[in-house]
Amino acid sequence: MAEAERGPVSRPNRDERATDGPRRTGVPPRLGNREIIRTKTFATEAANFILQRAREAVGTRGEFRLALSGGNTPRAVYSEMAKRETPWEKFRFAFSDERCVPPDNEKSNFRMANEALFRPASVPESSILRMRGEIDPLHGADEYQGCLDTLAAKRDEKIYQHDLVLLGLGDDGHTASLFPNTEALLETERWVAANYVPKMDSWRLTFTFPLIFAARDVCFLIGANKDPKLIERVFSGDLALPAAHVDQNAKQVTWIIEQ
């Protein structure tokens, strides 16, 4: 197992390490903190990270609010999580974005999470907050925000606070379904938006920046095939990339990067 190392990152007081296996370093949370974990055991490392955050949240607040990301990269992580003995009834699963398709469509983020995690782990339906991509996008966004607002009100929160939001990084720098040059990037009042993506000629449901920034922790899950130059652009603060806005503004950001 490699020792912890402080690598060259673009902002001061940031911690980066490489590892051949699961290991944590004591980095105190503070505004704008970034931890980078480069690992050869991606699924195990990511699952350990998520479930450690779950133990902390359940022990402190009695539940764990986790927003899942879609695409192919998290599938192995979710499958690894499903193998663990975990009190799933104390989880509150949300989705950081969803494609506007039915839940059984092969492009559905819910379908991927259901196949990799929910069904294998027998996660109770009461723990899952599904975005309904099959209905009108504007109604779907309103419905999901309404659900989160209701849950937030139970704790007297002005905005629903996730314990952890999982995100990916698209080749154009998008994260969740916050694509470059789309209207949802400018949203400051809504927590969930219907976002039209011209280059795909399709609608997406997505968390907006305010909801992501409100989370206690954000974790980017990055596969081995992601262009290192793109990642460095995010780290350097290139705000043409939506992911860079999250990296700059979230309370705590962890990057788990497969080697």
ask   = What number of residues within region 58-83 are over 28 Å from Ala152 (Cβ atoms) and among the charged types (D, E, K, R)?
value = 3
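Against the condition of a type outside the set (Ser, Thr, Tyr), closer than 20 Å to Glu143 by Cβ, over 19 Å from the mean Cα position of the chain (by Cα) and surrounded by 15 or more Cβ atoms within 10 Å (Cβ to Cβ), how does Trp203 come out, does it pass?
yes
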message = Is it the case, given these coordinates, that Ala57 is under 17 Å from Val123 (Cβ atoms), touching an Asp or Glu at 6+ places or on another chain (Cβ under 6 Å) and either surrounded by 18 or more Cβ atoms within 10 Å (Cβ to Cβ) or modelled with pLDDT under 95 (or both)?
response = yes
message = Condition first: touching a residue at least 40 places away in the same chain (Cβ under 8 Å), acidic (Asp, Glu) and in a helix (DSSP H, G or I). Can you find one or more residues in region 234-241 that meet it?
response = no
Test: Thr73 is among the polar types (S, T, N, Q), closer than 29 Å to Pro137 by Cα, touching a Leu at 6+ places or on another chain (Cβ under 9 Å) and part of a loop (DSSP other than H, G, I, E, B) = yes
query = When residues of region 186-200 are filtered for being open to solvent by less than 60 Å² (accessible area, probe 1.4 Å) and within 23 Å of Cys147 (Cβ to Cβ), how many remain?
reply = 6
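Kindly evaluate Glu98 against the criterion of being more than 13 Å from the chain's Cα centre (by Cα) and either among the acidic types (Asp, Glu) or in a strand (DSSP E or B) (or both).
Judged against the criteria, Glu98 is not a match.
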note = Of the residues in region 112-128, those that are of a type outside the set (Gly, Ala, Ser), assigned to a helix (DSSP H, G or I) and open to solvent by less than 80 Å² (accessible area, probe 1.4 Å) come to Met112, Asn114, Glu115, Leu117, Phe118
ask   = Within the set of pairs 6+ apart or on separate chains, which have a first residue in region 145-159 that is open to solvent by 30 Å² or more (accessible area, probe 1.4 Å), a second that is assigned to a helix (DSSP H, G or I), and C-beta atoms under 7 Å apart?
value = Ile159/Ala152; Ile159/Pro210; Ile159/Leu211; Ile159/Ala214
remark   = Reported set for region 242-259 where residues are in a loop (DSSP other than H, G, I, E, B) and open to solvent by 10 Å² or more (accessible area, probe 1.4 Å) is Lys251, Gln259
task = Please work out if Asp217 is crowded, with 19+ Cβ neighbours inside 10 Å, among the acidic types (Asp, Glu) and touching a residue at least 24 places away in the same chain (Cβ under 8 Å).
result = yes
message = With the structure loaded, tell me whether Phe64 is aromatic (Phe, Trp, Tyr) and more than 20 Å from Glu45 (Cα to Cα) or whether it fails that test.
response = no
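Yes/no per residue for (1) farther than 29 Å from Thr206 by Cα; (2) open to solvent by 10 Å² or more (accessible area, probe 1.4 Å); (3) at pLDDT 95 or above; (4) of a type in the set (Phe, Trp, Tyr):
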residue: Pro22; (1), (2), (3), (4): yes, yes, no, no
residue: Val27; (1), (2), (3), (4): yes, yes, no, no
residue: Glu35; (1), (2), (3), (4): no, no, yes, no
residue: Arg38; (1), (2), (3), (4): no, yes, yes, no
residue: Phe42; (1), (2), (3), (4): no, yes, yes, yes
residue: Glu45; (1), (2), (3), (4): no, no, yes, no
residue: Gly62; (1), (2), (3), (4): no, yes, yes, no
residue: Phe93; (1), (2), (3), (4): no, no, yes, yes
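The values are calculated or read from the model by the stated rules, or taken from the named source; none is laboratory data. Computed from a predicted model, the values in this text were never measured in an experiment. For neighbour counting, all protein chains shown are included, and Cβ atoms are generated from backbone atoms with ideal geometry for every residue, glycine included. Accessible surface is based on the protein model in full, side chains and every heavy atom, while ligands, DNA and RNA are left aside. Shrake-Rupley method; radii C 1.70, N 1.55, O 1.52, S 1.80 Å.
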